[in-house]
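Here the structure comes first, spelled out in structure tokens, and everything after it is commentary.
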Amino acid sequence: MSVLAEATSSFVREQLRAPLTLLLLVGIPAFFVLIFAGVLGQFSQALGGTLAAPSATAISAGWAAAFLSGTVGFFMVSSSRAADRRLAAAGLGPRRVALARIGAALVLALTVSAVAFVTLWLRSGIEHPVHAALAIFAFATVYIGVGAVVGAFVTDPLEGSLLVLLVFFLDAFTGPQMTSNSGGLGTFSPTNKAANLLIAAGTGHGSPGGDWIAVAAVVLGGLALALAAFWLAAHTRRV
């Protein structure tokens, strides 16, 4: 096993060491798909939106993956900064530490996305499962970037967690079909196109190729930001 693969595996085990983590991986997607979907639907109705129950259920799987991945991304940076700098100084280097961290984050994001996908499938079925799976994973990867960037600049665990949560709620409650204003701030959110894809996949509609291209661009941008944040956290500043 290469040094990079070994470090990635070690980082994954580090995150899964606590029994509570495994419980959250199962419990959070179930909560979002079964309960948060209803909250989204009611909130949409109150704002004059058109988010129907099937759409709310579908998009809630994406939000489950986003919430968990954003949290993982934040704590990977904020709580491991000192350890990552020691690893980098010991010979691994900040570039390989950052690559190992992003690899571990993607493994965890894939796990979270799979649980959210299965929960959605068991709850209501999926008309286009491949499209839905890709859209859910897009939510997760975008929020790896969100969490990692917050972790790079906010060191306090409570403040950083609340900031990730604030971004999450602003994103979720201004998303597609949430309000009567179709051209509001939600159109500029990083998950807007992924949300459209997931709603379409869950309700059996097709998606334009332009949306897929936009989602791919946002995902690559989010991963680039995450990689930069992990590198910055592992980089030892010279005095």
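The values are calculated or read from the model by the stated rules, or taken from the named source; none is laboratory data. Predicted, not measured: the structure shown is a model, and the values here were computed from it. Ideal geometry is used to build each Cβ from the backbone, glycine not excepted, and the neighbour counts take in all protein chains shown.
Quick rundown of the values:
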read-out	value
Number of the exception - PHE74 against (1) more than 19 Å from the chain's Cα centre (by Cα); (2) of a type in the set (Phe, Trp, Tyr); (3) surrounded by 21 or more Cβ atoms within 10 Å (Cβ to Cβ)	(1)
Some residue of region 31-41 being hydrophobic (A, V, I, L, M, F, W, C), within 20 Å of LEU110 (Cα to Cα), modelled with pLDDT under 85 and surrounded by fewer than 19 Cβ atoms within 10 Å (Cβ to Cβ)	yes
Subset of region 183-195 (residues that are at pLDDT below 80 and assigned to a helix (DSSP H, G or I))	LEU185, GLY186, THR187, PHE188
Counted residues, region 187-239 - those being surrounded by 24 or more Cβ atoms within 10 Å (Cβ to Cβ) and of a type in the set (Phe, Trp, Tyr)	1
Hey, ARG86 surrounded by fewer than 20 Cβ atoms within 10 Å (Cβ to Cβ) and part of a helix (DSSP H, G or I) or not	yes
Pairs, first more than 12 Å from LEU40 (Cα to Cα) and of a type outside the set (Phe, Trp, Tyr) in region 163-174, second at pLDDT below 80 and part of a helix (DSSP H, G or I), C-beta under 6 Å, six or more apart	none
Out of GLY27, GLY62, sole residue that is surrounded by fewer than 16 Cβ atoms within 10 Å (Cβ to Cβ) and either touching a residue at least 40 places away in the same chain (Cβ under 8 Å) or assigned to a helix (DSSP H, G or I) (or both)	GLY27
Selected residue (criterion: farthest from LEU92 (Cα to Cα)) from residues of region 7-24 that are over 18 Å from the mean Cα position of the chain (by Cα) and surrounded by 12 or more Cβ atoms within 10 Å (Cβ to Cβ)	GLU14
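Residues are listed down the side, and each one gets a yes or a no for (1) buried (at least 24 other Cβ atoms within 10 Å of the Cβ); (2) over 29 Å from GLY202 (Cβ atoms); (3) small (Gly, Ala, Ser):
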{"position": "ALA132", "(1), (2), (3)": "yes, no, yes"}
{"position": "ILE136", "(1), (2), (3)": "yes, no, no"}
{"position": "ALA140", "(1), (2), (3)": "yes, no, yes"}
{"position": "TYR143", "(1), (2), (3)": "yes, no, no"}
{"position": "ALA152", "(1), (2), (3)": "no, yes, yes"}
{"position": "LEU158", "(1), (2), (3)": "no, yes, no"}
{"position": "LEU165", "(1), (2), (3)": "no, no, no"}
{"position": "ALA172", "(1), (2), (3)": "yes, no, yes"}
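Residue-by-condition table, conditions (1) under 22 Å from ALA228 (Cα atoms); (2) modelled with pLDDT of 85 or more; (3) part of a helix (DSSP H, G or I):
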residue	(1), (2), (3)
PHE139	yes, yes, yes
VAL146	yes, yes, yes
GLY151	yes, yes, yes
VAL167	yes, yes, yes
ASN181	no, no, no
LEU197	no, yes, yes
